[in-house]
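Let me begin by presenting the structure, written as structure tokens, before commenting on it.
The values are calculated or read from the model by the stated rules, or taken from the named source; none is laboratory data. These figures come from a predicted structure and were not determined experimentally. All Cβ positions, glycine included, derive from the backbone under ideal geometry; neighbour counts span all protein chains shown. When the accessible area is computed, the model is the full protein with side chains, heavy atoms only, and any ligands, DNA or RNA have been set aside. Shrake-Rupley method; radii C 1.70, N 1.55, O 1.52, S 1.80 Å.
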Amino acid sequence: MKAYLLVLASSLGAAAVAATGLSLLANPAAMSSVQTDALISGGIPQPAGPKPSTLIDAAAVGASPPAIFSVSNFTRRSVCLVERGGTLTSRSRSFFAPPDCAAVWPGLQAARTWTENEDGSVTLSDGAGKALITLVRGKSFSYEMADPREADLALLMLP
């Protein structure tokens, strides 16, 4: 009988602690007093430019949400990171490549639009709409260079 009471008392105590914790999480005033660690929060890199929205509309994102890709040029043995951004039209999305991507592929930093074609290929275009690169879907979450053919370029989506 004593073991039964011990288990019952432990369960009630754990439930009380859990209820108290949940009430603190539900109360924004109680959470505002929590201090953040400056070293941890300062160590998280923030992108330059306007801050992205924290709420994402699932319908606006569609089947391909914003993503970061690693671009590799196997001939030049160089790599950079690019970003496929938000939806512009039903088939196109914004695209950003930093200036260091010029070492991977000349002119890649000029790309502003990621357009998904009907045949499954992707075209990266500059601000004037001129096609710079055409990619075809590879295995899993990768794309390979289709045009110009002399380039040995690949994009791999990062988790």
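Okay, here's what the table says:
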read-out: Accessible area, probe 1.4 Å, largest first, for residues 20, 75; value: 75, 20
read-out: Spacing of the two label points (7 Å from each Cα toward its C-beta) at residue 146 and residue 103, in nm; value: 3.0
read-out: 5 angstrom amide H check on residue 76, placed H, neighbours 5+ away; value: none
read-out: Area of residue 130 that stays accessible when all protein chains are in place (1.4 Å probe, Å², to 10); value: 130
read-out: Along each principal axis, Cα extent of region 85-124, largest first, Å; value: 30, 20, 10
read-out: Theoretical FRET efficiency, 1/(1+(r/R0)^6), r = Cβ-Cβ of residue 158 and residue 137, R0 22 Å, to 0.05; value: 0.85
read-out: Rh by Kirkwood over Cα pairs, then Stokes-Einstein D for region 77-153 at 1.306 mPa s and 10 °C, µm²/s; value: 125
read-out: Accessible area in square angstrom per residue, region 95-159, 1.4 angstrom probe; value: 56
